[in-house]
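Presented below is the structure to which this report refers.
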Amino acid sequence: MSRLDRCYNIADLRLQALKHLPKGVFQYIDRGAEDEVALADNRQVFRDLKLRTRFMVDLTDRDMGIDLLGKRSNLPMAIAPTGIAGLAWYQGELALAKAAAAKGIPFTLATGSITSMETIAREAGGRLWFQLYMWKEEDLSYQLVARARDAGFEALIVTIDGALGNNREYNKRNGFSIPFSISARSVTDMATHPRWLLGVMGRYLMTTGMPRHENYPAKYAHRITSGAGGGSPMRHHAMTWKDIQKMRQFWPGKLIIKGILRKEDAVRAVECGADAVVVSNHGGRALDAAAPTLDILPEVVDAVGGKTTIFLDSGIRRGSDMVKALALGANAVLTGRATLYGIGTAGQAGAEKALSIIKTEFEKTMAYVGCRRVSELSHDVFSPNSLKQLLG
Ligand SMILES: Cc1cc2nc3c(=O)[nH]c(=O)nc-3n(C[C@H](O)[C@H](O)[C@H](O)COP(=O)(O)O)c2cc1C
């Protein structure tokens, strides 16, 4: 029985990833900001929301796919942008993109990723989106977006909740912040994970050298161990909706605004010409006192539902979580950690396993609530009490 055969859910994949990745890399993926309250709350709100079953429905003709931003997606899901996924597996971003293509859902490449957007465009197949953190030097953002356009990326996600940085204390303790600092602790951490040392870091060192931020503008595309990369030049504190309007003029494809936690921001995004918004608290990795996304989703749906595509992320670990988000009015969800645990365990095959697990759970939950298609989901699937608690 292989490692993957022993994984029956996302929590199992997480445990496998914990075993194989250096502690610094695993915690960078797994943990949240400060006291990890937002991380826990994201899950708790999903747990508290209960479903009512509906049986005696003919389930022979079912389809879990949707039209997502003009094209079919086999599931109402896309892979979220996750910086340096390439440290969880050799060319981890490519592994994620190929898994997404194999499962018929879009993949988002993060600004902070290690594999270049041109490599992804050439080798991955499938639907490709690019995520941008705006740079302080405005022309650098436009250089990156022009690269993504020329490489054929279909959609641009502009993340608006990253400009202030974050406070992830455990990363600092592990020496695992960007730039990555080589210390006695991190060397021991890597040395005690030989599969990762040889299979990930060793492969980079023997081929392209120390991993670099390949999608940063040329003057910042340093090695991950270099002091000059990313960080503050990428944190555009002065960013406003005017920047989004301007980006809208420039970017020819679909535009998605990620990091929405209030209806006014969703409305502004739509007014600026966005095709979609992502209700997100960055998976509990940004503001630790942030509201869980499921709490905020109903006001966003009230404000812009039907006018734009609404994604939700932060805390999706089960197919039933997807059912709950969609029944509250999201059009689709993004997954961050679930597929990262997959690549941390077994690369592309691991990410495909994560997606298969969630898909099977989603189909089963949909059947339990008597829905054959995503369009059949509504508030009707919730237990009235738990819905009342959420909506107040
Ligand atoms: C390791 C890691 C790196 C991330 N990097 C980025 C990033 O570069 N840009 C971004 O917009 N979001 C980033 N995110 C946030 C995800 O896009 C997404 O919002 C979050 O992971 C969703 O929550 P989940 O992990 O519970 O599914 C990252 C998340 C993780 C776990």
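The values are calculated or read from the model by the stated rules, or taken from the named source; none is laboratory data. Everything quoted here is computed from the prediction, not taken from an experiment. Please note: Cβ atoms are built from the backbone with ideal geometry, for glycine as well, and neighbour counts cover all protein chains shown. Ligands, DNA and RNA are excluded from the accessible area calculation, which covers all protein heavy atoms including side chains. Shrake-Rupley method; radii C 1.70, N 1.55, O 1.52, S 1.80 Å.
Things to note:
- The set of residues from region 84-109 being in contact with a helix residue (DSSP H, G or I) (Cβ under 6 Å, 6 or more places away or on another chain) and either within 13 Å of the ligand (Cβ to nearest atom) or not in a helix (DSSP H, G or I) (or both) comprises 85, 86, 87, 88, 89, 90, 92, 93, 96, 107, 109.
- For region 232-247, taking the residues that are assigned to a loop (DSSP other than H, G, I, E, B) and surrounded by fewer than 14 Cβ atoms within 10 Å (Cβ to Cβ), the one that is modelled with the highest pLDDT is identified as 240.
- Boolean, residue 49 is under 27 Å from residue 379 (Cβ atoms) and open to solvent by less than 60 Å² (accessible area, probe 1.4 Å): yes
- Some residue of region 273-292 being without any contact (Cβ under 8 Å) to a residue 40 or more places away in the chain, open to solvent by less than 30 Å² (accessible area, probe 1.4 Å), more than 22 Å from residue 37 (Cβ to Cβ) and assigned to a helix (DSSP H, G or I): no
- Conditions (1) within 16 Å of the chain's Cα centre (by Cα); (2) open to solvent by 10 Å² or more (accessible area, probe 1.4 Å); (3) among the small types (Gly, Ala, Ser); number of the one not met by residue 325: (2)
- Of all residues in region 2-29, those satisfying the criterion of being out of contact with any helix residue (DSSP H, G or I) (no Cβ under 7 Å at 6 or more places or on another chain) and either within 14 Å of residue 168 (Cβ to Cβ) or hydrophobic (A, V, I, L, M, F, W, C) (or both) are 11, 15.
- Any hit, region 249-265, residues being assigned to a loop (DSSP other than H, G, I, E, B), open to solvent by 10 Å² or more (accessible area, probe 1.4 Å), out of contact with any Gly (no Cβ under 8 Å at 6 or more places or on another chain) and farther than 22 Å from residue 336 by Cα: yes
- Filtered residues of region 126-167 (kept if assigned to a loop (DSSP other than H, G, I, E, B), farther than 24 Å from residue 238 by Cβ and open to solvent by less than 40 Å² (accessible area, probe 1.4 Å)): 127, 151, 153, 154
- Subset of region 266-284 [more than 16 Å from the ligand (Cβ to nearest atom) and hydroxyl-bearing (Ser, Thr, Tyr)]: none
- Residue list for region 69-83, filter: open to solvent by less than 10 Å² (accessible area, probe 1.4 Å) and within 14 Å of the ligand (Cβ to nearest atom): 77, 78, 79, 80
- Selection from region 120-137 of residues that are more than 17 Å from the chain's Cα centre (by Cα) and in contact (Cβ under 8 Å) with a residue 40 or more places away in the chain: 134, 135, 136, 137
- Considering only residues in region 202-217 that are in contact (Cβ under 8 Å) with a residue 60 or more places away in the chain and out of contact with any strand residue (DSSP E or B) (no Cβ under 6 Å at 6 or more places or on another chain), the one that is most open to solvent (accessible area, probe 1.4 Å) turns out to be 203.
- Looking across region 298-354, the residues that are near the ligand (Cβ under 9 Å from one of its atoms) and more than 24 Å from residue 392 (Cβ to Cβ) come down to 317, 334, 335, 336, 337, 338, 339, 340.
- Residue that is farthest from the ligand (Cβ to nearest atom) [pool: residues in region 181-201 that are open to solvent by less than 50 Å² (accessible area, probe 1.4 Å), of a type outside the set (A, V, I, L, M) and in contact (Cβ under 8 Å) with a residue 60 or more places away in the chain]: 199
- Of the set (1) more than 15 Å from residue 337 (Cβ to Cβ); (2) within 15 Å of the ligand (Cβ to nearest atom); (3) within 19 Å of the chain's Cα centre (by Cα); (4) open to solvent by less than 20 Å² (accessible area, probe 1.4 Å), all apply to residue 42 but (1).
- Condition broken by residue 93, with the remaining ones in (1) farther than 17 Å from residue 317 by Cα; (2) touching a Lys or Arg at 6+ places or on another chain (Cβ under 9 Å) satisfied: (2)
- Residue in region 139-158 that is within 11 Å of the ligand (Cβ to nearest atom), under 16 Å from the mean Cα position of the chain (by Cα) and in contact (Cβ under 8 Å) with a residue 12 or more places away in the chain present: yes
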